[in-house]
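Please read the structure below before turning to the comments.
The values are calculated or read from the model by the stated rules, or taken from the named source; none is laboratory data. All figures in this text were calculated on a predicted structure; none of them were measured in a lab. Note: areas computed on protein heavy atoms with side chains; ligands, DNA, RNA excluded. Shrake-Rupley method; radii C 1.70, N 1.55, O 1.52, S 1.80 Å.
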Amino acid sequence: MRPPKRILVEGFPGIGKSTLCQRLAFRWATERCTIGCPVPRIHSYDIVIYLFANDLKGYTTIEKAVLSHLFPKDSNFTEQELKSLMDSCRILFIIDSFDEGYSDNKLLGDLIDGRVKKNATVIVTSRPKYLRKKIKCFESILCIEGFNQQQK
């Protein structure tokens, strides 16, 4: 069975959705996975891209949005070079705060629907009920209701 490509993380404000996703991105960037690693799947990606839903507004390509928000302004990396790199890698997009950036955001909708980067894995965080119209796009849904002391 293949891992899900579209994952929804849903919960009320302040419950830990963003913290969970930030932690995943941080672990990918800073930890080397060894035998017994608590999150081995995060290390199966070549690139992890963490953006807010609002970061995609007004852009026609995911590469333009990534270059604009994650690369230095004086970077010589081109959109075509980034596209080529992304097309050859296993990518995880973590898109935070859908509920705050979904309106007038075609690129976000296309990413969730799989019309953009259909082979990438996409994790989307949102408050409850904002994604009812797109719920069929998600293969896995995680509802966060809180963390106990050990999980924190």
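At a threshold of 8 angstrom on Cα-Cα distance, excluding pairs fewer than six apart, so keeping six or more, what relative contact order does the chain reach in percent?
Rounded, it is 43 percent for the chain.
Under the 0.36 nm per residue contour assumption, what length would be gained going from the current alpha-carbon distance of Gln22 and Gln150 to full extension?
Additional length available on full extension: 44.3 nm.
Choose one answer from Lys17, Lys64, Lys136: the residue with the largest mean-square fluctuation in a GNM of the chain with alpha-carbon springs under 10 Å.
Maximum fluctuation in the GNM of the chain, among the listed residues, is at Lys136.
Taking amide H positions as placed 1.01 Å from N in the peptide plane, with prolines and chain starts having none, which residues 5 or more places from Lys5, or on another chain, fall under 5 Å of its amide H?
Glu139
Karplus couplings for region 80-89 from phi (6.51 cos²θ - 1.76 cosθ + 1.60, θ = phi - 60°), rounded to Hz, Gly and Pro as x?
5, 5, 5, 4, 4, 5, 4, 5, 9, 10
Expressed as a whole percentage, what fraction of the accessible surface of the chain belongs to carbon and sulfur atoms when a 1.4 Å probe is rolled over the protein heavy atoms?
53
Send over a whole-number figure in Å² for the accessible area per residue of the chain, probe 1.4 Å.
62
Would you work out if the chain is rounded, prolate or oblate? Take a ≥ b ≥ c from the square roots of the eigenvalues of the alpha-carbon gyration tensor; rounded if a/c is under 1.5, else prolate when a/b is larger than b/c, oblate otherwise.
Verdict is oblate for the chain.
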